[in-house]
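Engineer: To start, I am sharing the structure in question, which I have written as structure tokens.
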Amino acid sequence: MKYHDSIAQAEQKMHAAIKQLQLWHIAATPINYAVSYEYLNQQTKTLNAAIEKQLASGKKLDNFFLEEIYRQYVLGQSAFRGELIDDLDDVLDDLQSNSEQSSLCTKRLVTQLDESIASLKSIDKREIINAIKQIRQTTQKFKLQQEKLAEQLLVSQKSTQALRSELDDVKKEIYFDALTGLYNRKAMAKHLDLWLSADPNKHVAAIVISIDQFSQMNESLGPMISDVLLTKIAKKVSSYVGESGLPVRSAGDEFLILLPDVKRVIAGEVAEKMRQSIEKLRFISSKSGTRLPQMTLSIGVSDYNVATTANDIINQTRALINDKTNIHTNHVNIAKD
Ligand SMILES: Nc1nc2c(ncn2[C@@H]2O[C@H](COP(=O)(O)OP(=O)(O)OP(=O)(O)O)[C@@H](O)[C@H]2O)c(=O)[nH]1
């Protein structure tokens, strides 16, 4: 535990954290619990401010929101990252000292050879024999040093491989949504930055996909089945864009697909295919064998210059779904020029 509470204090906070989750109408999952605990501790001002802001705006706190908070404010401070950075520092220091030693050895060898070669030209037989002896000794020493360095390099390589796989895990935590495996907003912002630095005139089409009446589904089916449905829909819609698009989980029951260099009309056609494919799906409960309610999607489509922020892209495309002049469920609304 991060805080040095007494057992009694910790127990009190534990109960309070669970109670807080009940007030927020959120299940006591480990992640939600960690955020609630941190919130009550009031040690991370930014975490408290983000939660207060969401509550003040009248929006509900849900699993998705708390997971984002967890990633941003709780996980970000974890000791694990500190250890990982220390390990990385060590490996880099090792690699640097190995390469410095290696270049020093090579320099020494070259100097020695230069000196000895001059003696080899001598007419004095003894000097020549001495020079050959020197060369033999120096190369022998060089060989031993190189062997030692190669061993050290092998050790560094092994640590690097282990670190790489740990880094991949951290990257997953930072850039991917744990439930659906889609990218998160942070990854979306990073991609926009990369595209912008490669080409400031680049355009990207955005498809925002919201599952209709998902809150009702959550209530009637429970969060576990709803999670499975959410994940299946996430996978299905992402399958329509493959490697050419960036699928993001942008909110609890909302996904966003970015399609670089794709025209709005084309993105609209892809969106229509997504809508139809989900409408046709028939979900069956593996537990009871009964048919689950039909799921439908409401989709907004637009396009932007890559300099537009992730938040603006999400909000502006999302507004197309909530456009009051349009039908409210199972529809695709493409932005007008
Ligand atoms: N199962 C599950 N539900 C989630 C998760 N994150 C958010 N939700 C729920 O998703 C629902 C989203 O509700 P709303 O934004 O009102 O969306 P909606 O009910 O689909 O309403 P419309 O979009 O207007 O059709 C809420 O009930 C959240 O609790 C999650 O990770 N898993």
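Engineer: Answer with yes or no whether Val228 is under 18 Å from Val306 (Cα atoms) and within 16 Å of the ligand (Cβ to nearest atom). Reasoning before the result, please.
Structural biologist: Values: under 18 Å from Val306 (Cα atoms): no; within 16 Å of the ligand (Cβ to nearest atom): yes.
When the stated conditions are applied, Val228 does not pass them.
Engineer: What is the one condition in (1) surrounded by 15 or more Cβ atoms within 10 Å (Cβ to Cβ); (2) at pLDDT 90 or above; (3) away from the ligand (no atom under 16 Å from the Cβ) that Asn184 does not satisfy?
Structural biologist: That leaves (3) as the condition not met.
Residue-wise test of (1) open to solvent by less than 60 Å² (accessible area, probe 1.4 Å); (2) more than 30 Å from Lys263 (Cα to Cα); (3) part of a helix (DSSP H, G or I).
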residue: Gln146; (1), (2), (3): yes, yes, yes
residue: Thr180; (1), (2), (3): yes, no, no
residue: Met188; (1), (2), (3): yes, no, yes
residue: Trp195; (1), (2), (3): yes, no, yes
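Engineer: Right, another one. Using the structure shown, decide if Ala234 is in contact with a helix residue (DSSP H, G or I) (Cβ under 6 Å, 6 or more places away or on another chain) and within 21 Å of Ala267 (Cβ to Cβ). Working first, answer last.
Structural biologist: On the way: in contact with a helix residue (DSSP H, G or I) (Cβ under 6 Å, 6 or more places away or on another chain): no; within 21 Å of Ala267 (Cβ to Cβ): yes.
No.
Engineer: Where the second residue is outside any helix (DSSP H, G or I) and modelled with pLDDT of 90 or more and the first is within 7 Å of the ligand (Cβ to nearest atom) and lies in segment 60-77, which pairs have Cβ atoms under 6 Å and are six or more apart or on separate chains?
Structural biologist: Asp62/Gly252; Phe64/Gly252
Engineer: Name the residues in segment 19-29 that are surrounded by 15 or more Cβ atoms within 10 Å (Cβ to Cβ) and assigned to a helix (DSSP H, G or I), would you?
Structural biologist: Within segment 19-29, Gln20, Leu21, Trp24 qualify.
Engineer: Considering each residue of segment 197-212, count those that are surrounded by 15 or more Cβ atoms within 10 Å (Cβ to Cβ) and either within 15 Å of the ligand (Cβ to nearest atom) or without any contact (Cβ under 8 Å) to a residue 40 or more places away in the chain (or both), and give that number. Give the derivation first.
Structural biologist: So the first thing to find is which residues in segment 197-212 are surrounded by 15 or more Cβ atoms within 10 Å (Cβ to Cβ), and the list is 202-212.
Keeping just the survivors that are either within 15 Å of the ligand (Cβ to nearest atom) or without any contact (Cβ under 8 Å) to a residue 40 or more places away in the chain (or both) gives 208-212.
Number of matching residues: 5.
Engineer: While we're here: Here's a check for you: in segment 275-325, which residue that is closer than 20 Å to Met188 by Cβ, in contact with a strand residue (DSSP E or B) (Cβ under 9 Å, 6 or more places away or on another chain) and in a loop (DSSP other than H, G, I, E, B) is farthest from the ligand (Cβ to nearest atom)?
Structural biologist: Result: Val306.
Engineer: To continue, here is another question. Residue pairs, Cβ under 6 Å, 6 or more apart or interchain, first in segment 265-286 and closer than 18 Å to Leu230 by Cβ and among the polar types (S, T, N, Q), second modelled with pLDDT under 95 and surrounded by 12 or more Cβ atoms within 10 Å (Cβ to Cβ). List them.
Structural biologist: Filtered contacts from segment 265-286: Ser285/Leu292.
Engineer: Please state which of the following conditions Asn218 fails to meet, knowing it meets all the rest: (1) more than 11 Å from the ligand (Cβ to nearest atom); (2) farther than 30 Å from Ser119 by Cα; (3) surrounded by 17 or more Cβ atoms within 10 Å (Cβ to Cβ).
Structural biologist: Of the numbered conditions (1) more than 11 Å from the ligand (Cβ to nearest atom); (2) farther than 30 Å from Ser119 by Cα; (3) surrounded by 17 or more Cβ atoms within 10 Å (Cβ to Cβ), the odd one out for Asn218 is (1).
The values are calculated or read from the model by the stated rules, or taken from the named source; none is laboratory data. The structure presented is a predicted model; accordingly, all values stated were derived computationally and were not measured. Note: ideal-geometry Cβ built from the backbone for every residue, glycine included; neighbour counts use all protein chains shown. These area figures cover heavy atoms from the full protein model, side chains too; ligands, DNA and RNA do not enter into them. Shrake-Rupley method; radii C 1.70, N 1.55, O 1.52, S 1.80 Å.
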